[in-house]
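Student: Questions regarding the structure given below will be posed in turn.
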Amino acid sequence: VSAVTISHPSHIRHASPGHPERPERIAAFLSGVLGEPLLAARATEAPLAPRAALERVHDAGYLDIVLAERPETVHADPDTYIAPGTPDAAVRAAGAAIAAVDAVVAGGIAIAAMRPPGHHCLPQRPMGFCVLANIAIAVRHAQAAHGVGRVAVVDWDVHHGNGTQAVFWDDPSVLAVSLHQWPHYPGTGAADERGGPGAAGATLNVPLPAGTGHDAYLARFRAEVLPAVAAFRPELVVVACGLDAHRDDPLGDLELEDATFGQLVRDVRGLCRALGAPEPALVLEGGYDLHALEASGAEIARAYGASVI
Ligand SMILES: [Zn+2]
């Protein structure tokens with residue numbers, strides 16, 4: 001099976017002093033991931049996502065503003081900055097997610113390790129450190145370029161994936177699943193948010209109380225998420241692989257271990273295999289403790305690189 005780790009140094013120029021969403025996150029995550037020989041063997045540069053791929057999710061006017069050349073950093077909201085280096089990084093972060101989808105559809109495994117993250121971004125607004133909706137863009141690419149019909153997004157970032165939910169709210173072809181601390185930023189993601197009138201049940205939110213740890217999290221994952229994804233019968237699964245549900249993360253209060261993330265990868269791989277779907281495409285979202293990023297990245301890569309589940 002061919003494996004690929006996708007990143008690009010352009011993300012270093014997406015930076016704002018003192019902000020937790022910082023370049024060191026990628027170095028830490030990659031240092032864990034690249035300890036797995038299979039994933040180290042093919043580390044490739046994230047391509048620029050084509051403009052047409054971005055426009056499947058975002059308004060052209062939004063793209064013109066957010067991707068414009070700018071001499072200095074601006075703040076779209078108190079959390080979200082757009083620096084001079086942001087446009088290149090953001091378009092390559094979307095390109096990394098697209099490349100990860102391309103790789104798994106071709107029969108491989110792939111981890112997209114780029115930033116800024118994407119799952120809070122809305123079609124017309126940056127939000128929550130996110131500038132482009134990387135995974136939503138990659139899902140639309142899979143449908144348009146590969147003829148994939150049904151796609152499931154499984155988001156285990158500690159924060160609700162509100163942007164992904166918003167993009168696919170009324171689309172029955174995409175199951176948007178999010179497990180997240182509740183109540184917590186951004187405030188959405190209640191269990192009764194189940195999809196729009198044209199897509200009832202194609203959104204699944206699993207809100208979790210602060211303090212939820214390895215055993216309780218996996219129990220909910222196996223009782224609620226895996227059966228729902230199996231019943232949806234996706235042809236492709238994309239994981240919004242945030243690591244901020246880790247017990248050491250400063251932006252969340254869940255208590256997952258390094259090993260939890262490896263087990264989640266094994267569970268999703270097993271499900272994909274049972275469905276006859278490609279391997280899941282893993283796309284980094286949040287995660288703000290550098291040691292946790294490295295150690296959990298290593299667990300993820302070990303679980304993902306192992307040929308036997
Ligand atoms: Zn997060």
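Student: Within region 143-164, restricting attention to residues that are surrounded by 23 or more Cβ atoms within 10 Å (Cβ to Cβ) and more than 16 Å from the ligand (Cβ to nearest atom), which residue is nearest to the chain's Cα centre (by Cα)? Lay out the reasoning, then the answer.
Tutor: Going through region 143-164, the residues surrounded by 23 or more Cβ atoms within 10 Å (Cβ to Cβ) turn out to be 151-164.
Those still in the list that are more than 16 Å from the ligand (Cβ to nearest atom) too: 151-152.
Values: Val151: 14, Ala152: 12 Å.
Of everything passing the filter in region 143-164, Ala152 is nearest to the chain's Cα centre (by Cα).
Student: Let me ask another. Go through (1) within 16 Å of the ligand (Cβ to nearest atom); (2) part of a helix (DSSP H, G or I) for Cys272 and report which single condition fails.
Tutor: Status for Cys272: all satisfied but (1).
Student: Find the residue count for region 40-77, including only residues that are more than 16 Å from His141 (Cα to Cα), among the aliphatic types (A, V, I, L, M) and either touching a residue at least 24 places away in the same chain (Cβ under 8 Å) or buried (at least 16 other Cβ atoms within 10 Å of the Cβ) (or both).
Tutor: Adding up the residues that qualify gives 7.
Student: Suppose we keep only residues that are within 27 Å of Ala83 (Cα to Cα) and over 14 Å from the mean Cα position of the chain (by Cα) within region 128-142. Which one would you say is surrounded by the fewest Cβ atoms within 10 Å (Cβ to Cβ)? Step through it out loud before you land on a result.
Tutor: To start, the set of residues in region 128-142 that are within 27 Å of Ala83 (Cα to Cα) comprises 128-141.
Subset that is over 14 Å from the mean Cα position of the chain (by Cα): 140-141.
On the way: Arg140: 23, His141: 26.
Filtering region 128-142 for residues that are within 27 Å of Ala83 (Cα to Cα) and over 14 Å from the mean Cα position of the chain (by Cα), the one surrounded by the fewest Cβ atoms within 10 Å (Cβ to Cβ) comes out as Arg140.
Student: Looking only at region 69-110, which residues are in a loop (DSSP other than H, G, I, E, B) and hydroxyl-bearing (Ser, Thr, Tyr)? Let's see the steps before the verdict.
Tutor: At the first step, the residues of region 69-110 found to be in a loop (DSSP other than H, G, I, E, B) are 69-73, 78-79, 83-85, 106-108.
Residue satisfying the conditions is Thr73 alone.
Student: On to the next question. If you scan region 20-62, which residues turn out to be hydroxyl-bearing (Ser, Thr, Tyr) and out of contact with any Lys or Arg (no Cβ under 9 Å at 6 or more places or on another chain)?
Tutor: Taking region 20-62 as the starting set, the residues that turn out to be hydroxyl-bearing (Ser, Thr, Tyr) are 31, 44, 62.
Ser31, Thr44 - these are the residues of region 20-62 that are hydroxyl-bearing (Ser, Thr, Tyr) and out of contact with any Lys or Arg (no Cβ under 9 Å at 6 or more places or on another chain).
Student: What tally of residues in region 111-126 results from selecting those that are away from the ligand (no atom under 16 Å from the Cβ) and more than 15 Å from Val153 (Cα to Cα)?
Tutor: Total meeting the criteria: 3.
Student: Collect the residues in region 188-208 that are surrounded by 12 or more Cβ atoms within 10 Å (Cβ to Cβ) and either among the charged types (D, E, K, R) or within 15 Å of Ala245 (Cβ to Cβ) (or both), keeping them in residue-number order. Explain how you work it out, then say what you get.
Tutor: Keep residues of region 188-208 that are surrounded by 12 or more Cβ atoms within 10 Å (Cβ to Cβ), which gives 188-190, 193-196, 199, 201-208.
Matches in region 188-208: Gly189, Glu193, Arg194, Asn205, Val206, Pro207, Leu208.
Student: Could you check region 243-269 and list, in sequence order, the residues that are of a type in the set (S, T, N, Q) and more than 16 Å from the ligand (Cβ to nearest atom)?
Tutor: Matches in region 243-269: Gln263 only.
Student: Here's something else I'd like to know. Condition check: touching a Lys or Arg at 6+ places or on another chain (Cβ under 7 Å), touching a residue at least 24 places away in the same chain (Cβ under 8 Å) and surrounded by fewer than 19 Cβ atoms within 10 Å (Cβ to Cβ). Does Arg233 satisfy that? Reasoning before the result, please.
Tutor: Values: touching a Lys or Arg at 6+ places or on another chain (Cβ under 7 Å): yes; touching a residue at least 24 places away in the same chain (Cβ under 8 Å): yes; surrounded by fewer than 19 Cβ atoms within 10 Å (Cβ to Cβ): yes.
Yes; evaluated as a whole, the condition is true for this residue.
Student: Across region 111-137, which residue is farthest from Leu293 (Cα to Cα) among those that are among the β-branched types (Val, Ile, Thr) and not in a strand (DSSP E or B)?
Tutor: We begin by selecting, within region 111-137, every residue among the β-branched types (Val, Ile, Thr); these are 111, 131, 135, 137.
When the remaining residues are screened for being not in a strand (DSSP E or B), the result is 131, 135, 137.
Values: Val131: 21, Ile135: 20, Ile137: 24 Å.
By that ranking, first place goes to Ile137.
Residues are listed down the side, and each one gets a yes or a no for (1) among the basic types (Lys, Arg); (2) closer than 27 Å to Tyr304 by Cβ; (3) touching an Asp or Glu at 6+ places or on another chain (Cβ under 7 Å):
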| position | (1), (2), (3) |
| --- | --- |
| Gly149 | no, yes, yes |
| Asn162 | no, yes, no |
| Leu175 | no, yes, no |
| Gly187 | no, no, no |
| Leu208 | no, yes, no |
| Val225 | no, yes, no |
| Ala231 | no, yes, no |
| Glu235 | no, yes, no |
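Student: Which of the residues that make up region 37-51 are of a type outside the set (Lys, Arg) and out of contact with any helix residue (DSSP H, G or I) (no Cβ under 6 Å at 6 or more places or on another chain)?
Tutor: So the first thing to find is which residues in region 37-51 are of a type outside the set (Lys, Arg), and the list is 37-41, 43-50.
Correct list: Pro37, Ala40, Ala41, Ala43, Thr44, Glu45, Pro50.
Student: Just a yes or no: is a residue in region 275-292 touching a residue at least 60 places away in the same chain (Cβ under 8 Å), more than 16 Å from the ligand (Cβ to nearest atom), part of a helix (DSSP H, G or I) and more than 20 Å from Ala100 (Cβ to Cβ)?
Tutor: Initially, region 275-292 is screened for residues touching a residue at least 60 places away in the same chain (Cβ under 8 Å), giving 278-288, 290-291.
Of the ones still in play, those that are also more than 16 Å from the ligand (Cβ to nearest atom) are 278-281, 291.
With part of a helix (DSSP H, G or I) added as a condition, the list becomes 291.
When the remaining residues are screened for being more than 20 Å from Ala100 (Cβ to Cβ), the result is 291.
Yes - at least one qualifying residue is present in region 275-292.
Student: Would you mind telling me which numbered condition in (1) surrounded by fewer than 24 Cβ atoms within 10 Å (Cβ to Cβ); (2) under 17 Å from the mean Cα position of the chain (by Cα); (3) not aromatic (Phe, Trp, Tyr) Leu271 fails?
Tutor: (2)
Student: Let me ask something else. Looking at Leu175, Leu179 in this structure, which one is away from the ligand (no atom under 16 Å from the Cβ), surrounded by 19 or more Cβ atoms within 10 Å (Cβ to Cβ) and part of a strand (DSSP E or B)? Spell out the reasoning first.
Tutor: Numbers: Leu179 fails: away from the ligand (no atom under 16 Å from the Cβ).
Matching residue, one of Leu175, Leu179: Leu175.
Student: Taking region 1-39 as the search range and keeping residues that are more than 15 Å from Gly297 (Cβ to Cβ), among the polar types (S, T, N, Q) and modelled with pLDDT of 95 or more, which one is surrounded by the most Cβ atoms within 10 Å (Cβ to Cβ)?
Tutor: For region 1-39, the residue satisfying everything is Ser10.
Student: Name the residue, out of Ala210, Ala199, that is within 16 Å of the ligand (Cβ to nearest atom), in a loop (DSSP other than H, G, I, E, B) and over 20 Å from the mean Cα position of the chain (by Cα). Write out each step before concluding.
Tutor: Details: Ala199 fails: within 16 Å of the ligand (Cβ to nearest atom).
When all the criteria are applied, what remains is Ala210.
The values are calculated or read from the model by the stated rules, or taken from the named source; none is laboratory data. Keep in mind that what you see is a predicted model, and the values were worked out from it rather than measured. Backbone-built Cβ (ideal geometry, glycine too); neighbour counts: all protein chains shown.
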